[in-house]
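The structure appears below as structure tokens.
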Amino acid sequence: MVTLAFLVALEIAARHYGLPGPVTTQAQEAIFAPKSGFLLYASMGLMMVVLTWRQRFIAVGVAAGIDIVIALVRWVADAPVTEGHPFGNGALWVIVGVAVIAVTRRTGRERILLLKGVGLGLLLVAGRKTGDTWLLITSKTRPDVLDQYMGNADHALGNPSWVAGRLIEATGPVGARFLDYVYTQLAVAAVLVALYQLRNVATDRRFPGHHLVRTFLVIGLLGPAIYMIFPVVGPIFAFGADGGHWAVANLWPDTPTPIGTPHHMPFDEITPRNCMPSLHTAWATAIFIHSRKGPKFLQYAGAFWLVATLAATLGFGYHYGADLVAGVVFTLTIETGMRALERGWDRSGIQLVAYGTAVFALLLVSYRYLSLEMAHYPWVFGPLLLAAMGSVIYGYVRTTKRWEPKAVTVPKLEPQPEMA
């Protein structure tokens, strides 16, 4: 009910600005070309963790069949897809169909399990739609941005976005396209890790207490609230060509921002204020954390996605280095809270969540009120920023290691002398 009320509230807010909200845009994707067909099939994959293998094959076949029929109808009607993907509608139909079957043909625990699977799949899609609506609201309600403060603060870290931007330019279009694909398909990578974590749901007939999707959704729910408090558009807009006449100057990625007294700067009502913290960094960090208990392939994939996402967020000029530091602290604090909620709160969990929250708040305050000092004394503030982030990482590793179940050692039986 809380999730439904939240979606309705966002729908009303979007309608206030004359645009469709998350409920409307999701309903439209039952017929019209979806924004991301990959995401819809990934969501169906999450839903299918509650199905048997036979039911999974049937679900995939039905989804593909529906997509083929819709594609033929578009071809006959001469209505080619100009935006979005020409597939994915079938996956959404299958998810809704399983919900109908659960309500009308199943009872008891079986019904609840199916509905949980449907809810898991729909939540992933709703999270994407909710994020899009949040971005619209930030651009409409926050006319001034704090990029000049972030430009100063980033001097303490050596202006990593400017450095990464020049490196990606040097790789040419191939490197840029590759990183762009990694950047845009982050949710699909999360689904792959989640599918491994939920692989036994169909046989156990229950979900594990904690998994990646829970952390992923909470990050997406809380992150935009920080956007409203600390609106930032990113270096490619505030200091680059993409900002047009709203940009301070066309400096990114060739010329670092000049150090000067920062001010709030007005910006357009289109560009999202979605930099602080970097949620792509937060999500990629969560994927990395949850992939650690998987097989070697999954561990390597999680590490790769984290590194590639960090390179893309900086190299495309979407984020400052300071955003990434805040994103890591943000994720570890949320992940600690989610794990403590599942296992029961204890002193170590409460302390780490409180510490992570304090560090995150201190970062925001420093970026806002000490940015000039950070730019003038980078050899002081740069190590301090990294040490603050490192302390939260150390606290997380140390605390969660104590939470791991201890392996029970079986005493080795000594051979007994035979009775004469």
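Yes/no per residue for (1) touching a strand residue (DSSP E or B) at 6+ places or on another chain (Cβ under 6 Å); (2) over 22 Å from Ala238 (Cα atoms):
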{"position": "Leu115", "(1), (2)": "no, yes"}
{"position": "Asp144", "(1), (2)": "yes, no"}
{"position": "Leu157", "(1), (2)": "no, no"}
{"position": "Arg166", "(1), (2)": "no, no"}
{"position": "Val174", "(1), (2)": "no, yes"}
{"position": "Asp180", "(1), (2)": "no, no"}
{"position": "Gln185", "(1), (2)": "no, yes"}
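Does Phe207 count as closer than 21 Å to Leu195 by Cα and at pLDDT 90 or above? Against the criterion (closer than 21 Å to Leu195 by Cα and at pLDDT 90 or above), Phe207 does not qualify.
Rundown of residues vs (1) surrounded by fewer than 21 Cβ atoms within 10 Å (Cβ to Cβ); (2) of a type in the set (Ser, Thr, Tyr); (3) not in a helix (DSSP H, G or I), yes/no style:
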{"residue": "Gly260", "(1), (2), (3)": "yes, no, yes"}
{"residue": "His290", "(1), (2), (3)": "no, no, no"}
{"residue": "Gly294", "(1), (2), (3)": "yes, no, yes"}
{"residue": "Ala301", "(1), (2), (3)": "yes, no, no"}
{"residue": "Leu324", "(1), (2), (3)": "no, no, no"}
{"residue": "Val328", "(1), (2), (3)": "no, no, no"}
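Is it the case that some residue within segment 44-60 is open to solvent by less than 90 Å² (accessible area, probe 1.4 Å) and either in contact with a Ser or Thr (Cβ under 7 Å, 6 or more places away or on another chain) or over 23 Å from Asp204 (Cα atoms) (or both)? Checking segment 44-60: not a single residue is open to solvent by less than 90 Å² (accessible area, probe 1.4 Å) and either in contact with a Ser or Thr (Cβ under 7 Å, 6 or more places away or on another chain) or over 23 Å from Asp204 (Cα atoms) (or both). List every residue pair whose Cβ atoms lie under 7 Å apart, where the two residues are 6 or more positions apart in sequence or sit on different chains, the first residue falls within segment 117-129 and is modelled with pLDDT of 85 or more and open to solvent by less than 20 Å² (accessible area, probe 1.4 Å), and the second residue, located anywhere, is in a helix (DSSP H, G or I) and hydroxyl-bearing (Ser, Thr, Tyr). Sorted first by the residue in segment 117-129, then by its partner, the pairs are Gly121/Ser43.
Considering segment 137-154, the residues that are open to solvent by 30 Å² or more (accessible area, probe 1.4 Å) and not charged (D, E, K, R) include one that is farthest from Pro224 (Cα to Cα), namely Gln148. Look at segment 93-116: where a residue is within 23 Å of Ala64 (Cβ to Cβ) and a partner is among the polar types (S, T, N, Q), sitting 6+ places away or on another chain with Cβ atoms under 9 Å, you get Ile95/Ser43; Val98/Gln55.
Keeping to segment 181-201, report how many residues are at pLDDT below 90, outside any loop (DSSP other than H, G, I, E, B) and not hydrophobic (A, V, I, L, M, F, W, C). Result for segment 181-201: 3. Criterion first (touching a Ser or Thr at 6+ places or on another chain (Cβ under 9 Å), surrounded by fewer than 22 Cβ atoms within 10 Å (Cβ to Cβ) and within 22 Å of Arg368 (Cα to Cα)) does Leu186 satisfy it? The answer is no for Leu186. Residues that are under 24 Å from the mean Cα position of the chain (by Cα) and open to solvent by less than 20 Å² (accessible area, probe 1.4 Å) occur at least once in segment 237-250. Contact annotation: residue pairs with Cβ atoms under 6 Å, 6 or more positions apart or on different chains, pairing a residue in segment 359-388 that is closer than 18 Å to Gly260 by Cα with a partner that is open to solvent by 70 Å² or more (accessible area, probe 1.4 Å), are Ala375/Ile259. The listed residues are Ala361, Ala387, and the only one of them that is under 27 Å from the mean Cα position of the chain (by Cα), modelled with pLDDT of 95 or more, loosely packed, with under 13 Cβ neighbours inside 10 Å and farther than 17 Å from Phe230 by Cα turns out to be Ala387. Exactly one residue among Ala238, Ala286 is under 30 Å from Ile112 (Cα atoms) and at pLDDT 90 or above, and that residue is Ala286. Has segment 221-241 got any residue that is assigned to a helix (DSSP H, G or I), in contact with a Pro (Cβ under 6 Å, 6 or more places away or on another chain) and not hydrophobic (A, V, I, L, M, F, W, C)? Within segment 221-241, none of the residues are assigned to a helix (DSSP H, G or I), in contact with a Pro (Cβ under 6 Å, 6 or more places away or on another chain) and not hydrophobic (A, V, I, L, M, F, W, C).
Sub-6 Å Cβ pairs linking a first residue in segment 222-236 that is in contact (Cβ under 8 Å) with a residue 24 or more places away in the chain to a second residue that is assigned to a helix (DSSP H, G or I) and aromatic (Phe, Trp, Tyr), at least 6 apart or interchain, are Pro224/Trp134, ordered by first then second residue.
The values are calculated or read from the model by the stated rules, or taken from the named source; none is laboratory data. This is a predicted model, so every value here is computed, not measured. Backbone-built Cβ (ideal geometry, glycine too); neighbour counts: all protein chains shown. SASA here: full protein model, heavy atoms, side chains in, ligands and nucleic acids out. Shrake-Rupley method; radii C 1.70, N 1.55, O 1.52, S 1.80 Å.
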